[in-house]
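**Student:** Below are the structure tokens for one structure; questions will follow.
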Amino acid sequence: MTSSARQTILSRLRERTSQPASQPPDFRVMNTRRWSLEDGIERFIAQQASVHGDVQRVHEPDLATAVLSRLHQAGAHRVLIAPSQGLRDALVTRAQNIDFQGYDQKVEAWQSELFHQTDAAITSCHAGLADTGSLVVIPSPEEPRLMTLAPPLHIAILPVSRLFSSWYQLITEEDWTGPMPTNTLLISGPSKTADIEQTLVYGAHGPKALTVFLVDGI
Amino acid sequence: MSQPVILYPNKPEKVYLFGTCLVDLFYPEAGLAGVDLLEREGIEVIYPQDQTCCGQPAYTSGRSDEARAVAKTQLDLFPEDWPVVVPSGSCAGMMRHQYPKLFEGTEDADRALKLARRVWDLADFLVNVCQIQLTDTGEPTTIALHTSCSSRREMGVADSGPALLRQLNNVTLVEPAKVAECCGFGGSFAVRHADISGAMATDKVAALTQTGCDRFLSTDCGCLMNLAGVAKKQKMALPGEHLLSFLWHRSQPNREA
Amino acid sequence: MPQTLQQSHNSAINFQPQVKSALANTQLRGNFDRAMTGLMHKRTMAFADWDLEALRDLGQAIRQQSLRQLPDLLEQLERQCQANGIQVHWARDGDEACQVVTEICQQRQAKTVIKGKSMVTEEMELNAHLEQRGYTVLESDLGEYIVQMAKETPSHIIMPAIHKNTAEIAELMHTMTGVEQREDAHYLTDQARQQLREKFMQADVGISGVNFAVADSGTLCLVENEGNGRLTTTTPPCHIAVTGIEKVVPSLTDVAPLLSLLTRSATGQSITTYVNMISRPRQPDEKDGPEAVHLVLVDNGRSDIYQDEELAETLQCIRCGACMNHCPVYTRIGGHAYGTTYPGPIGQVLMPQLLGLEQTPDFASASSLCGSCGEVCPVRIPLPSLLLRLRREAVDGDRTRASTVPGHGSKRSNLESLIWAVWRLVHRRPGLYRLTTRLASQLRALSPKRLGGWTRYRSAPKLAKTTLHSAMNNRSKRQQP
């Protein structure tokens, strides 16, 4: 069925003989979205704030303290963090009452725990985007997809050096053509919905809170 | 493609007036006011007596064959290279923007395109070609303006009405809520979908009434007839007038004499 | 020949009575008026710091370029997806697409299916199809969840439950799920979150739509706020993405501007919470994500639309809903009155092409042609011109052009043809026109007080005492004695 469907559809499309004239895309308008580093940081923070995201700018030596303080504030006991995350050791040694663990088994083995008993996840980011206040997250074997989705609090570590003006700038500078990772995400604030009479509610199906640590000196 | 910038001609000695069938039958004083305003600006107005209708009613009903037949007879009426001014945004829009499409691929395509390029909305023409200066001779009054969708979106001349009214010192211009929303006229739409059209017109009349204006003006006779008709049926004290009639009456130097 | 597709839940034929009852429902009109007014304002604010016209030019150019290369891009997309391990299926119409999905579910011995928001699956009535075959199907987008509970269809393509207010939803959720009847969007959302979390974990298959399919990387882009789309495409062991064939673009570079247009036009957001780019199933070293990913490419009338250069502009649509948010007709009657999957201006243009003009007899005419839809469309689909084209097709009104729309000529009536023949006769003969109009003005006392639908809401217009023709004639006589 599907192979004859394929042929039918493609040959029907190719039946069209005339090709309407159209302008070639002019991408210049995308390049007007550029900010200097300090303006970009300011915009990133403001844009995250506008979607209920919380951004804390810290110097690298103060990062562990700041993250711990955020975890305590949230009352988190069980926190996911990748074993390779540089921050991990500093956190483990300093927080006795928090259980830090890696996402180290297939989801099927512990799905219910992941969804119901995990309070927070700390992940790295590929980049940050000033224009829209977005995080670019590329899930990996150590930081799988559900880390940024299942726990109610997502803490993201973003080096200032990885801040770009816009997604378009990132895509063009890093040349995102051709094969892509399994999953790539732009994340802007915690999950939300306005499906009930346009009342904005945070914490729809994903995290209820997102804190970004924007780190100088990494 | 984005809207091209409008390039206005220099002020001419003569213009043609295309009166439109609604003005002809229902609001001739608006057409005459347009003539008076143009003549006061030193422009001679030629009114070809053989004009009938731009073809829009048929065109928007999907009857392009009939629209083309009627429009074709209008193509012959403006032989000289003078501007053609129209006291209605929708008829101006029909001639300026739809004629080229209507005649595309026919033997009249070139003639239609040439005519289309010199069609102007009369109010816009007064502002941007004549650069008219009005002196207000009337009593203080509060006015709301309903700019037709054709003037606003098809012709892109929504600024001209307010620009003219702001020249009148004793006129306070107030803006109704949802100023850019359609009044519900839409030609045959008002008959085919009378209930939707009626709901839109009723809302527009309510918005105009809420401004507390003494009267409302419109740049298009269709909108005017629609809104005035609703106001009258609902027995609301909301008189309506064509923008051009109002401008002429307000700016005559010795109107009391 | 283009085939007319059947849609069992299509009730566009009953447009007029549906409009009457919608207009009489003051609650409904209030809900839509408030929502659409807010959305229009948010959109304006969201584009305030952009060169919007340049961005719309770009969006239009990208969509037109993509459509020009459509068959090639589809083949490239298929190749890249397959190279990535995504299985690609093709379906000529909605039924075939439903069968493809059913077969995948059978192979997986699935029992429960969870869905993210997808308009194309509404178009093919996938839920009904699967339920008839014994599958449990659950919508996970909050708006869709509410609509499904109410046994309704979405009334807006972006905000499916926009026709309901909080009180109505509280009562519905109380009745259907037993939660407290509290008029509190926060409480209700949290209850739905808890109810659905269990379902995500139990589902055997997740079905989603696609916002943009990227040909050069084989990537499926999904745009959403709630996280339900990510859960749908991550938690179940099998993900089936269903998309219309027109959604393909050359590369991610093209997605960036379209995304900027989409979210701002739709809800006034500079971006949604999530942009989810899926390029392959779970890899051996990965710990979550579906082990199988399928892409179903659905034609369902699109390749017929594609044949006509003018009408093919319909396929540029990125499904933002801005045309309905700004439509004075949609705002007053709401989405359900249309009786089709897609309401509002884009629905009025698309549905007659999919279902046939005879199935949608009022769609082309139910517009004042005010131009708001065309003015806001992020990819510059000339919606008013397309409505006019469909009007011509419906009455077979342009004998100089070829016609392609199913149901062509179905609205042509002898009575109307006669009226237009008389109109044409009078307006082509200036002498006859002047005579008739002068006569009409002189006999204006006799003009009718009732004029059908017009005078239901308005007083009858009054002819002037004299015509402009006569007045101008007298004037020139005065000036040239």
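**Student:** Filter the range C:39-60 down to residues that are surrounded by fewer than 22 Cβ atoms within 10 Å (Cβ to Cβ) and touching a Ser or Thr at 6+ places or on another chain (Cβ under 7 Å), then give me how many there are.
**Tutor:** Total meeting the criteria: 6.
**Student:** Among the listed residues C:R391, C:R434, C:R450, C:R456, which satisfies the condition of being open to solvent by 80 Å² or more (accessible area, probe 1.4 Å) and either more than 9 Å from chain B (Cβ to nearest Cβ) or within 24 Å of B:C54 (Cα to Cα) (or both)?
**Tutor:** Every option except C:R450 fails the conditions.
**Student:** If you don't mind, there's one more thing I want to ask. If B:R250 satisfies every condition in (1) of a type in the set (K, R); (2) farther than 26 Å from C:V376 by Cα; (3) open to solvent by 30 Å² or more (accessible area, probe 1.4 Å) but one, which is the exception?
**Tutor:** For B:R250, the exception is condition (3).
To keep it simple, each residue is scored yes or no on (1) in a loop (DSSP other than H, G, I, E, B); (2) more than 19 Å from the chain's Cα centre (by Cα); (3) more than 10 Å from chain A (Cβ to nearest Cβ); (4) buried (at least 23 other Cβ atoms within 10 Å of the Cβ).
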site	(1), (2), (3), (4)
C:M201	no, yes, no, no
C:I207	no, yes, yes, yes
C:V210	yes, no, yes, yes
C:E226	yes, yes, no, yes
C:R230	no, yes, no, yes
C:P236	yes, yes, yes, yes
C:T253	no, yes, no, no
C:L259	no, no, no, yes
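**Student:** Looking at B:V23, B:V35, B:V15, which is the one that is outside any loop (DSSP other than H, G, I, E, B), under 17 Å from B:L247 (Cα atoms) and in contact with a Pro (Cβ under 8 Å, 6 or more places away or on another chain)?
**Tutor:** On inspection, the qualifying residue turns out to be B:V23.
**Student:** Moving to a separate point now. Where residues in the range B:210-257 are among the β-branched types (V, I, T) and touching a helix residue (DSSP H, G or I) at 6+ places or on another chain (Cβ under 8 Å), which of them is farthest from C:W454 (Cα to Cα)?
**Tutor:** Per the stated criteria, the residue is B:T219.
**Student:** Next question. State whether one or more residues within the range B:86-94 are in a strand (DSSP E or B) and either in contact with a Phe, Trp or Tyr (Cβ under 6 Å, 6 or more places away or on another chain) or within 23 Å of B:M225 (Cβ to Cβ) (or both).
**Tutor:** yes
**Student:** With respect to B:T20, determine if the residue is closer than 19 Å to C:D398 by Cα, facing chain C (nearest Cβ under 9 Å) and β-branched (V, I, T).
**Tutor:** no
**Student:** Out of (1) more than 29 Å from C:K20 (Cβ to Cβ); (2) in contact (Cβ under 8 Å) with a residue 24 or more places away in the chain; (3) open to solvent by 10 Å² or more (accessible area, probe 1.4 Å), what's the single condition that is false for C:E286?
**Tutor:** Result: C:E286 passes all but (2).
**Student:** Identify all residues within the range C:299-338 that are small (G, A, S) and within 12 Å of the chain's Cα centre (by Cα); write none if there are none.
**Tutor:** If the condition is that a residue be small (G, A, S) and within 12 Å of the chain's Cα centre (by Cα), then C:G321, C:A322, C:G335 are the ones that fit.
**Student:** When the residues of the range A:169-190 are filtered to those that are open to solvent by less than 10 Å² (accessible area, probe 1.4 Å) and outside any loop (DSSP other than H, G, I, E, B), which remaining residue is farthest from the other protein chains (Cβ to nearest Cβ)?
**Tutor:** By that ranking, first place goes to A:L170.
**Student:** Please work out which residue is farthest from the other protein chains (Cβ to nearest Cβ), limiting yourself to the range C:289-306 and to residues that are touching a residue at least 60 places away in the same chain (Cβ under 8 Å) and in contact with a Pro (Cβ under 8 Å, 6 or more places away or on another chain).
**Tutor:** Per the criteria, the residue is C:A292.
**Student:** Here is a further query. So, in the range B:185-219, how many residues would count as being buried (at least 24 other Cβ atoms within 10 Å of the Cβ) and touching a strand residue (DSSP E or B) at 6+ places or on another chain (Cβ under 8 Å)?
**Tutor:** Residues in the range B:185-219 being buried (at least 24 other Cβ atoms within 10 Å of the Cβ) and touching a strand residue (DSSP E or B) at 6+ places or on another chain (Cβ under 8 Å): 6 in total.
**Student:** Kindly indicate whether any position in the range A:24-46 is within 23 Å of A:S191 (Cβ to Cβ), under 23 Å from the mean Cα position of the chain (by Cα) and surrounded by fewer than 18 Cβ atoms within 10 Å (Cβ to Cβ).
**Tutor:** Yes.
The values are calculated or read from the model by the stated rules, or taken from the named source; none is laboratory data. Treat the numbers as computed from the prediction; the structure is a model and nothing was measured. Please note: Cβ atoms are built from the backbone with ideal geometry, for glycine as well, and neighbour counts cover all protein chains shown. For the accessible areas, the whole protein counts, side chains as well, though only heavy atoms, and no ligand, DNA or RNA atoms are used. Shrake-Rupley method; radii C 1.70, N 1.55, O 1.52, S 1.80 Å.
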